1. Using a Förster distance of 41 Å, how high is the FRET efficiency between Ile456 and Ser128, based on the Cβ-Cβ distance and rounded to 0.05?
2. Starting from 0.36 nm per residue, how many nanometres of slack lie between Thr470 and Leu116 once their C-alpha separation is accounted for?
3. Using bins 20 angstrom wide from zero, how does P(r) for the chain break down, in % of all Cα pairs?
4. Helix-derived [θ] at 222 nm for the chain: sum -39500 (n - 2.57) over DSSP H runs of at least 4, divide by residue count, nearest 500?
5. So which of Lys373/Lys499; Lys297/Lys399; Lys36/Lys147; Lys297/Lys373; Lys225/Lys293; Lys124/Lys147 end up more than 18 Å apart by C-alpha?
6. Of Lys373, Lys425, Lys293, how do they rank once you tally other Cβ atoms within 10 Å and put the fewest first?
7. How big, in percent, is the set of alpha carbon pairs in the stretch 115-176 lying more than 16 Å apart?
8. What is the spin-label model distance, in nm, from Ala37 to Leu589 if the labels are put 7 Å beyond Cα along the C-beta direction?
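Derivation of every value follows stated rules applied to the coordinates shown; laboratory data play no part. None of the values given here were measured: they were computed from a predicted structure. Backbone-built Cβ (ideal geometry, glycine too); neighbour counts: all protein chains shown.
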Amino acid sequence: MFVFDTLSLVFVALILLGAVPNIFYSSGYLPHIERKAHYQLHYFAFIISMLGVVVSANALVFLFFWELMSLTSWQLILTETKEKATIKAARFYFIMTHFGFLFLLLFFLIVTDGDLEMSFASMKLIASHFAYPTLLFFFLVLGFLSKAGAVPLHVWLPYAHPQAPSPVSALMSGVMLKVAIYGMFRFLFDVLYPWPLEWGIVILTIGALSSLVGVLYALSEHDIKALLANHSIENIGIILIGFGMGMIFDTLGLHTLSTFAFIAALFHTFNHMSFKSLLFMGAGSVLHQTHTKNMEKYGGLIKTMPITALTFLIAAVSISALPPSNGFLSEWMIFQSMLSSSHIDNISLKLAIPFAIFALAMTGGLAIACFVKAYGITFLGLHRSTNAKHAHEVNFLMKSGMILMTFVVLSLMLFTPYYMEYFDKVFVGLGRASIYADIFPEGIWHMHSVGMNGGIVSPLILLFSLVGVTAFMMFAYKVFGVKTRLHNSWACGYKTSQKTQYSATGFAGPIRRFFTWLYKPDEHFEKQTIAGHETKFDASHYEVHVKPLFEKIFYINVAKAVNYISYWVYRLSHFEQTRYAAMIFNIMLVVLFSYRIFSHEFSWATFVLEFFVMMISVKILIIGDKK
């Protein structure tokens, strides 16, 4: 019923590292919640369900805890239902999570041959004899990546995370998404191994698109929680890039590089859990002191919320992959794995890997720009609203949760070699040779890439150098008695105020204009004049609303098509009963023909014959003669 191998225990550790600080934060957050019993019941059930998923040993137990995880998180989104947006977000999340569950159920029904109590190891034999293994792979991709939030299954994240209570947002983004990554590791290794090259290319491409799309949409946001939700899409993409490279190298027989790439993906999984949980905690603290998620209403909070500002800064440095942070180390490993593929002579990889390198490089640069905006607009400058002016630091328990999670972030940076040792043991347990000695051949001070002509990085030396230089400058500042001089800001003759500061919309303006083809923004420019007359002394109000392109193409248009088809079926069933019966008969034919194709050996001659039989049946029974 349960399994406690190295892979499961590592993900148990991930869940606990994310959940324990969150419990402190949630306890301090509880007074802000009206339905306390509802919240606490589903909150602890949510944590237990995630632990249950990663220690499940058969399909029945796995699906039970997976569904429990989905339902409890859905109810947590509905904790505060005063706004219609919350109900809409919860409905959207419910549909998307059960969309993924459907494909997981199909996967398990096939690989267990209906016996859901079968162990994962026993499923491999059945899967190896299935005629269409790529179908099983896509069932896994649709099932797990819809929960992880990879493009194009990502659209629920910017709705659900902003509406959920902040501790729940931290758990969902920081921990729950990683449970889906666990599922990819578990079933691709235990059930569907070995893989064809195309599967790795698919995962790599999805990862590259997710990282780029996530950071681009994050830049356009001025809702702080929606911004962080889009960055979850970005970081899931980075994890999938490392995962895809591991699959590609394994298929090509480059097992050392494969393990290195998989360790990089697992390392970034832990890193994203830590800094994204901390960022959502910081965002929740700001939200409940200012009563708004709009960054345009923040500013100057570093003076009144110093603990929140410091912890948010540490997480922002890490998610921006600035050295020597833990986020930098895992992204460096993923870059090194891609750069080690230069000797591979395969035309598909010659296209896919450079695109992934380009996407990851651009993602890194845009992430820095995005968090310069997020931190600067939120914590620096002048107060932009009365609520921001009167904000103060959060209570002790909420601060304790943020500080504990900060220690998790710092530990992943300071004790990288020790974490890496356990990550290496995960893949030893999955049948791989250990590469820990290849990554740290000279001890913990130097971290090596395992590829040809690979790079070397010394994170601890770099960290101590930065701390030493900073301490020396502070010492010199005190010794030489440097005086602080205060002057008013020069504003070209105008009086400075909070309105003359950079806004979140203005900061992202150049990037938004460059990517207009993706954003498709609706720009609203309202001009207020004096007494109805235009003068040079006027006040203007400018807003930009970005259209979610993927949602419009893949969801809204599909929903319109489904509505049209359902209306057509409704008309048939109520007004043209003969054609309706004929349509049901043809659907039965499709099911029977499909069963033969999937259950028996495929034959082009039989397929063509059945196709023509179907067309003739549709023509005679449904379309009929034109009058």
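1. On the way: r = 41 Å, r/R0 = 1.00.
Here the calculated transfer efficiency is 0.50.
2. Values: separation 354, 0.36 × 354 = 127.44 nm, distance 5.89 nm.
Result: 121.5 nm gained on full extension.
3. 17, 48, 27, 6, 1
4. On the way: 27 runs with 428 residues, N = 627.
Counting only the DSSP helices, I get -22500 deg cm²/dmol.
5. Numbers: Lys373/Lys499 16 Å; Lys297/Lys399 22 Å; Lys36/Lys147 27 Å; Lys297/Lys373 13 Å; Lys225/Lys293 7 Å; Lys124/Lys147 24 Å.
Among Lys373/Lys499; Lys297/Lys399; Lys36/Lys147; Lys297/Lys373; Lys225/Lys293; Lys124/Lys147, the Cα-Cα distance tops 18 Å for Lys297/Lys399; Lys36/Lys147; Lys124/Lys147.
6. Values: Lys373 24, Lys425 16, Lys293 20.
Listing Lys373, Lys425, Lys293 from fewest to most nearby Cβ atoms yields Lys425, Lys293, Lys373.
7. Details: 1154 of 1891 pairs.
More than 16 Å apart: 61 percent of the Cα pairs in the stretch 115-176.
8. 5.9
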